[in-house]
1. Based on this model, can you work out whether Asn69 counts as in contact with a Leu (Cβ under 9 Å, 6 or more places away or on another chain), of a type outside the set (Val, Ile, Thr), without any contact (Cβ under 8 Å) to a residue 24 or more places away in the chain and not in a helix (DSSP H, G or I)?
2. Return only the number of the condition from (1) loosely packed, with under 15 Cβ neighbours inside 10 Å; (2) without any contact (Cβ under 8 Å) to a residue 60 or more places away in the chain; (3) not hydrophobic (A, V, I, L, M, F, W, C) that Thr28 does not satisfy.
3. Which one is surrounded by the most Cβ atoms within 10 Å (Cβ to Cβ) among residues in the range 122-179 that are charged (D, E, K, R), farther than 17 Å from Lys67 by Cα and touching a residue at least 40 places away in the same chain (Cβ under 8 Å)?
4. In this structure, does Gly83 turn out to be under 20 Å from Ala169 (Cα atoms), of a type in the set (Gly, Ala, Ser), in the same structural domain as Leu175 (by TED's automatic domain parsing) and in contact with a helix residue (DSSP H, G or I) (Cβ under 9 Å, 6 or more places away or on another chain)?
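The values are calculated or read from the model by the stated rules, or taken from the named source; none is laboratory data. Note that the coordinates shown come from a computational prediction; the quantities given were computed from them, not determined experimentally. Heads up, the Cβs are rebuilt from the backbone with ideal geometry, glycines too, and the neighbour counts pull from every protein chain shown.
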Amino acid sequence: MKTNKISTKIKTLGALFIILMAVIIFTTVYLNNKNKKDALVINIVGKERMLTQKISKNIFYLYYSEKTNFSELNSASEEFIQGLDSLKNGNKLTGIEPVPNDKIGQQLYKVEILWKDFFDNVTSFKKLQIKNDEESEKLLKTVVETIYNTNNNLLNEVDELVTLYTLHAEDKTVLIKNFQYLAAVLILLLIFYAFTQLKGIEENANKFLEFSKKIANEKNEQLETLSIDVNEKEILEVTDTFNCFINKINSAMNESAVAMEHSKNASSKLEEITNEFDNVINDLKNRTDIGNQLNKSEDMVIESTEDLINSTKKLQDLKEELDKILHTCKL
């Protein structure tokens, strides 16, 4: 029969609880942190969409107002370029990681290609707007129309990029929920396992207590040893120790009973011998010498008888003491 220590079971259950809770906490914190970064990324992508609109509106405003103040246009273009680079290569300062999957990477590549053409037209617009002559006027009109047409394509692809990043973040949210459900199931299973183990330990302990009470109420002179079918090492060790004590008491009681029986037999024999000597003395009482010797022999026999009686009394006292021990154990 395989035996396990109660302490080992308790330590194992405690370790499992600690490990499971640590994994749950670590994973939840990690995934939540990832979600925060995803929210930051989605914010950047959404801002990229807004910047394409801002750049186009600023170009139309500058074209129709014939102004050459490009500070807002340059700022928006630079911000778009930085955002695109952060999405593509990541940003250590903000904690943004590079492209998370191939699908987003392919869409980001499309946006990058469209942006290069779009930005080339923006650069051409600024150069032609500064010249402001008849020859550049025709080219400028063509560039503005091109910006208008390509802006819609760029805007649509950026919208698709926003959608992909949003879906990626939602997948992570679903993953967190599924992980939390799984963790809850594991915790319930672990609680159920711990309950069954502790219940088994309690049942085995109750078995030991029931057998102990049975021994305490036993009225027979010979005590029965405990017989408990358990798999906890500590209870088995206590049972073995208790059985060893019971066996020693039974052995001492048996030996004292045998000794008393022998003592009684010896007393009976000596009593018979004494009676025979009395008969002999009565027959030979007229012989002085023999009478003296017989008196001495009789004194020796009487003395031996008294010793045997004392021994019997001591053995009786021993038996009474053992009976007291037995009575104490039963209490």
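1. Details: in contact with a Leu (Cβ under 9 Å, 6 or more places away or on another chain): yes; of a type outside the set (Val, Ile, Thr): yes; without any contact (Cβ under 8 Å) to a residue 24 or more places away in the chain: yes; not in a helix (DSSP H, G or I): yes.
Here the answer is yes, as Asn69 does meet what is asked.
2. Unmet for Thr28, out of (1) loosely packed, with under 15 Cβ neighbours inside 10 Å; (2) without any contact (Cβ under 8 Å) to a residue 60 or more places away in the chain; (3) not hydrophobic (A, V, I, L, M, F, W, C): (2).
3. Among residues in the range 122-179 that are charged (D, E, K, R), farther than 17 Å from Lys67 by Cα and touching a residue at least 40 places away in the same chain (Cβ under 8 Å), the one surrounded by the most Cβ atoms within 10 Å (Cβ to Cβ) is Glu157.
4. yes
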